[in-house]
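Peer 1: One structure, pasted below without further comment.
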Amino acid sequence: MSAYQHYDFLALDRPLDADQRAELRALSSRASITATSFTNEYHWGDFRGDPARLMRTHFDVFAYFAEWGTRWIMISAPSTILRPSDIEPYLLTEDARFTTGGGRTVVSLTAQDEETDFVEFPAGLAGIAPVRAELLGGDRRLLYLAWLLSVQADDELDDEEVEPPVPAGLGDLSASLRAVAEFLRIDPDLIAVAARASSPLPTAGDRGEAMSRWIEDLPAQEKNRLLGLVVEGKAARARARMLQAFQGNGREDPAAEGARTVRELWTAAGELRARRAREEADREAQRKRLRREEEAAAREARLDGLVERRDSAWQEVEDRIATKLPGEYDRAVSLLADLHALADREGERAAFTRPLRELRERHRRKSGLQRRMDEAGLER
């Protein structure tokens, strides 16, 4: 039985060497392999490799999509930067977890929706990959989204489980964080209510000034160590360490202590969803009312214009019927409906009923025309 699957791996910190590319080729004869990526699609069969192992040895970011509704993201980094103690409060379940080994930490986020409609791979790693740099720089928003992923999974967390620390900026997600939330189908209402307890991000100007002052105060030995990482081609690692140290020294607002339970978040999300539905229903009712008013005004204008040409209008009806074309039948019946409405408005219903009966009698063999008049409420 055929089943579509898509695997997408990306190496960010170091390119794949020839031996690593050969190892990957042995796993798949038709995959697209470059010095920084490994991409494969399956319509039959399955991938022979172990994605989790490859994330410890080869790659830094991974995304997987399956036709049956599974979506999976992994992020890998040295454990000295992606420290288990920092991420542990957020990753508590099988859907949102982490593993360590070989000096690396791998964050794994999985979403499952068997009722989803089939689509091709919905998002490439280009939109998702930047979250790794944000995470390594101390941004905990991805981790909080991972916790929400567990919240919305059935039976993963107890209703009385209290949320972890709430990072700043949940109400202003970066493009890459939005891509992750959409890819994993994290409930936007859950994100919205969680953001109510999230402080705003500092402005770029304020953050830049604070970081400049912090860098000036760094000991020379630490500056030399960071510059050494840059010279070794490890600029990303140096940046991550600097950002973590900057945040760890209290130069940015720490995450707010979590206080809400899973039940409270779900309840607030349900209320938000219900309020939005009511507001949309009100807007739709308003749109319908305006449409009815516009249609009524347009009809009144048509009837006003019909007053002076009633006789010619009856002749126009006959001319259109004479064509024996379905579209002209529709136009003839529409004009008859206007003549009917005008007669009602003017209190001259009898003046309309007699010529209508005569017209129907003359064209009694035209079943299509007769049916259209019946449907328009033009009585025999």
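No value in this document is a laboratory result; all are computed from the given coordinates. The model shown is predicted, which means the values in this text are computed figures rather than measured ones. A quick note on method: Cβ atoms are made from the backbone with ideal geometry, for glycine too, and the neighbour counts reach across all protein chains shown.
Peer 1: Rounded to the nearest 20 Debye, what is the dipole magnitude of region 296-375 about its Cα centre when Lys and Arg each give +1 and Asp and Glu each give -1 at the C-beta?
Peer 2: 460 debye
Peer 1: Viscosity 1.002 mPa s, temperature 20 °C: give me the Stokes-Einstein translational D for region 296-375 in µm²/s, with Rh taken as the Kirkwood radius over C-alpha pairs.
Peer 2: Value of D from the Cα-based Kirkwood radius: 166 µm²/s.
Peer 1: Here's a follow-up. At 7 Å along Cα-to-Cβ for each site, give me the label-to-label distance between residue 26 and residue 349 in nm.
Peer 2: For the pair residue 26/residue 349, the computed spacing is 9.1 nm.
Peer 1: Which value in nm describes the separation of the simple spin-label points at residue 309 and residue 224, placed 7 Å from the Cα toward the beta carbon?
Peer 2: Inter-label distance under the simple model: 9.6 nm.
Peer 1: Now, a different point. If packing is taken as the average count of other Cβ atoms within 10 Å, what order do 58-69, 191-202 fall into, highest mean first?
Peer 2: Listed from highest to lowest mean packing, they are 58-69, 191-202.
Peer 1: Taking Cα centroids, how far is region 36-115 from region 330-359 in Å?
Peer 2: Result: 72 Å between the Cα centres.
Peer 1: If amide hydrogens are placed 1.01 Å from N in the peptide plane, which non-local residues have theirs closer than 5 Å to the one on residue 258?
Peer 2: Under 5 Å from the amide H of residue 258: 166.
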